[in-house]
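S.K.: This is the structure I want to talk about, given as structure tokens.
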Amino acid sequence: MATEQNNLPDIISHCKEYGFIFPSSDIYDGLSAVYDYGQWGVELKKNIKDIWWKSMVYMHENIVGIDSAIFMHPTIWKASGHVDNFSDPMIDNLDSKKRYRVDHLIEGFCEQVADSNKQLADELLVKMDALLAADDFVGLKQLIVDNNMKCAVSGTCNWTDVRQFNLMFSTQLGSVAEDSDTIYLRPETAQGIFVNFLNVQKTGRMKIPFGIAQIGKAFRNEIVARGFIFRMREFEQMEMQFFVRPGTQKEWYEYWKEARMKWHLALGISASKYRFHDHVKLAHYADAACDIEFDFPMGFKEVEGIHSRTNFDLSQHQEYSKKKQMYFDNDIDEATGKPYGNYIPYVVETSIGLDRTILMVLSEAYTVEDLSTEDKKDSRVVLKFPPKLAPIKLAIFPLMKKDGLAELAREMMNEYREDFFCFYEEKDAIGKRYRRMDALGTPFCVTIDHQTKEDGTVTIRYRDSMDQERVKMSDVKAIVLNAIKS
């Protein structure tokens, strides 16, 4: 029976202990809000990337992929509005000198008081959303002061005024700092798609509607980064920009909302763990926007955004670059009987955080099961990944190294490793090996024993049920492949 221990500290500890995710620069006591993916975390990450890429690029004839550079011309970020608008409201405590994102400070306070006064917590969150939407920084500070929200370090309510803080990392391009140009580490991957719109459209002979997909790193100088890999300073995005005819963007916006939710549910996660959240305040480029939120251990939080970005980005790049970002549409407009002609396309964006998706999958998979009997207390920690996401698909164990069993297991390993990731282990008792594979989320384990040499059968053990059965060695590959495809 599973116990309700799916909390974030347990997941963080498990990830480090079993080689999924480590604090970056760990031997130097880490670097705040930066993480390294270990040997099994990187496999999980790759599997999620592959599933997303296949769903976007391979399954759509009108979507192609690119990989744009992290460093881009600095004027791009002026055109996109990031230089002037990419900022968050911040507040400092004058006693501790600690800086907080205003929404995080208020949300943290609401979490503390929710148990004793849920009505107050809900009211404060509604007020906060309204003040943020109105850019009312005076009102936000007053909300903090009136409710005696204290700094976690100093314990005081001695606050500065609320002000904006730009989140972009800057650096210099050139050999001498005094003569160099300031450039930025990209805070999103979308602009790399927009500035390549015409390159892709012309070389690929793409016809609207069409999309451009990209997976890549982005960087944000988050002042308050928390929630493990939920909010990091270096992270990865999976984005697709879908270029459409003006006037059809709302229709495509609804299409991609539905399509992206179907993708999430296809991961095997219950629909009850998801919800849509419409934006109260739209970004400067959008005429519609919503988030797909997942019920993380810390509550419902955004994992993916769907935005109708209008033609803002391409129009801005046309203005700043002085190069036309137009598309000639020779389809016939039924209203006029003439071709639609030249226009700047509108864009519908789907943008999902890869690291947040990994945390989502880990949160859903992490399970502590009570296996106690009348005579003995026992439990196991198991990651119940869907087989297609599991880092290791099949673990192969010889019952012992001698009598040719290790050689048989190695032969099986060498035959299967081209089809899926296999893991070989011969140390420790079989029970300990099973538990280790449970903790890594391996859906199938196969044991080679003396009976295998006699009749060609093996014992296959199923992770979730812990059931075991004898099957023909030749049938194992099909069992694993069928599970991966389902």
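S.K.: Could you let me know the centre-to-centre spacing of segment 433-486 and segment 81-115, using Cα atoms, in angstrom?
M.R.: Answer, in whole Å: 50.
S.K.: Hey, what D do you get for segment 392-485 in µm²/s if you plug the Kirkwood alpha-carbon radius into Stokes-Einstein at 4 °C and 1.567 mPa s?
M.R.: Working: Rh = 13.0 Å.
Using the Kirkwood radius from Cα pairs, D works out to 99 µm²/s.
S.K.: What percentage of all Cα-Cα pairs in the chain are separated by more than 44 Å?
M.R.: Working: 30258 of 117855 pairs.
Here the long-distance tail beyond 44 Å is 26 percent of all Cα pairs in the chain.
S.K.: Quick check: convex hull over the Cα atoms of segment 166-261, volume per residue in Å³, rounded to an integer?
M.R.: Values: hull volume 16.1 nm³, N = 96.
Spread over its residues, the Cα hull of segment 166-261 gives 168 Å³ apiece.
S.K.: Another question, then. Select from segment 279-382 those GluC sites (Glu not before Pro) which occupy a DSSP coil region and have at most 13 other Cβ atoms within 10 Å, ordered by residue number.
M.R.: Values: sites: GLU293, GLU302, GLU304, GLU319, GLU334, GLU349, GLU364, GLU369, GLU374; in loops: GLU334, GLU374.
Within segment 279-382, the qualifying GluC sites (Glu not before Pro) (loop, at most 13 other Cβ atoms within 10 Å) are GLU334, GLU374.
S.K.: Can you tell me the orientation of helix 312-321 relative to the chain, as the angle in degrees between its alpha-carbon axis and the longest Cα principal axis, to the nearest 10?
M.R.: Result, in degrees: 60.
S.K.: Compute the helix-to-body angle for 8-17: its Cα long axis versus the longest principal axis of the chain, expressed 0 to 90° and rounded to tens.
M.R.: The answer is roughly 60 degrees.
S.K.: Another one. Where does helix 354-365 land angle-wise versus the long Cα axis of the chain, in degrees 0 to 90, nearest 10?
M.R.: 40 degrees
Only the coordinates and a few stated rules stand behind these numbers; no lab work does. Remember, it's a predicted structure, so these values are computed and weren't measured experimentally. In this analysis, Cβ positions are derived from the backbone assuming ideal geometry, glycine residues included, and neighbour counts consider all displayed protein chains.
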